[in-house]
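Read the structure below first, then the notes.
The values are calculated or read from the model by the stated rules, or taken from the named source; none is laboratory data. Since the structure is predicted, the reported quantities are computational estimates derived from the model, not experimental observations. Cβ atoms come from the backbone with ideal geometry, glycine included; neighbour counts cover every protein chain shown.
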Amino acid sequence: MSELTFYNTLLIDIKQRIRQAQTKAILSANSELISMYWDIGKMLVEKQKVAGWGAAVIPRLSKDIHNELPEIKGFSERNIGYMIRFAREYGTSILQQAVAKLPDKTMLAGIPWGHHCLLIEKIKGLPARFLEMSRNQGVGDE
């Protein structure tokens with residue numbers, strides 16, 4: 001094998017490894033984001049039950065987060081409302097209840113947040129939503 005061929009093969013292998021690492025990093029970050037949004041939604045649901053908060057807390061919370069952490073995005077009133085819905089829709093344990101019914105346990109965490117919001121809006125009922133998630137991720141397809 002010539003030096004040029006060896007180098008080109010090496011370059012291709014390294015680029016492929018870089019892309020794999022980038023994909024893993026993106027999926028890991030997305031998984032953590034989904035988990036954080038679910039945790040925040042769960043905290044809000046629990047506090048609403050205990051303290052009897054109404055919807056008026058959400059605008060204040062959104063504003064305070066923006067004021068104290070201006071570099072952080074994703075905490076608009078609307079998105080906080082989605083966090084609450086997400087936590088309510090998927091029950092008390094995202095890993096033990098909702099995801100336990102899925103063929104692929106990582107599916108829920110692997111879906112981008114915007115897609116979750118869209119699924120919650122468009123597809124009522126967990127079985128139909130899980131089926132749609134499976135179809136879109138090719139779960140079960142050989």
Query raised in the report: Taking the condition farther than 23 Å from G110 by Cα, part of a helix (DSSP H, G or I) and in contact with a Gly (Cβ under 8 Å, 6 or more places away or on another chain), does I58 pass?
Result: yes
Report task. Those residues that are within 17 Å of Y82 (Cα to Cα) and touching a residue at least 60 places away in the same chain (Cβ under 8 Å), I need them from region 11-63; list them, please. Result -> N30, S31, L33, I34, S35, Y37
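Of everything in region 68-89, what is among the β-branched types (V, I, T), surrounded by 14 or more Cβ atoms within 10 Å (Cβ to Cβ) and either outside any helix (DSSP H, G or I) or modelled with pLDDT of 95 or more (or both)? Give them in sequence order.
Of everything in region 68-89, just one residue is among the β-branched types (V, I, T), surrounded by 14 or more Cβ atoms within 10 Å (Cβ to Cβ) and either outside any helix (DSSP H, G or I) or modelled with pLDDT of 95 or more (or both), namely I80.
Is it the case, given these coordinates, that G54 is more than 16 Å from L33 (Cβ to Cβ), surrounded by 12 or more Cβ atoms within 10 Å (Cβ to Cβ), small (G, A, S) and out of contact with any strand residue (DSSP E or B) (no Cβ under 7 Å at 6 or more places or on another chain)? So that I can check it myself, show each step before the final result.
Values: more than 16 Å from L33 (Cβ to Cβ): yes; surrounded by 12 or more Cβ atoms within 10 Å (Cβ to Cβ): no; small (G, A, S): yes; out of contact with any strand residue (DSSP E or B) (no Cβ under 7 Å at 6 or more places or on another chain): yes.
Criteria not met by G54.
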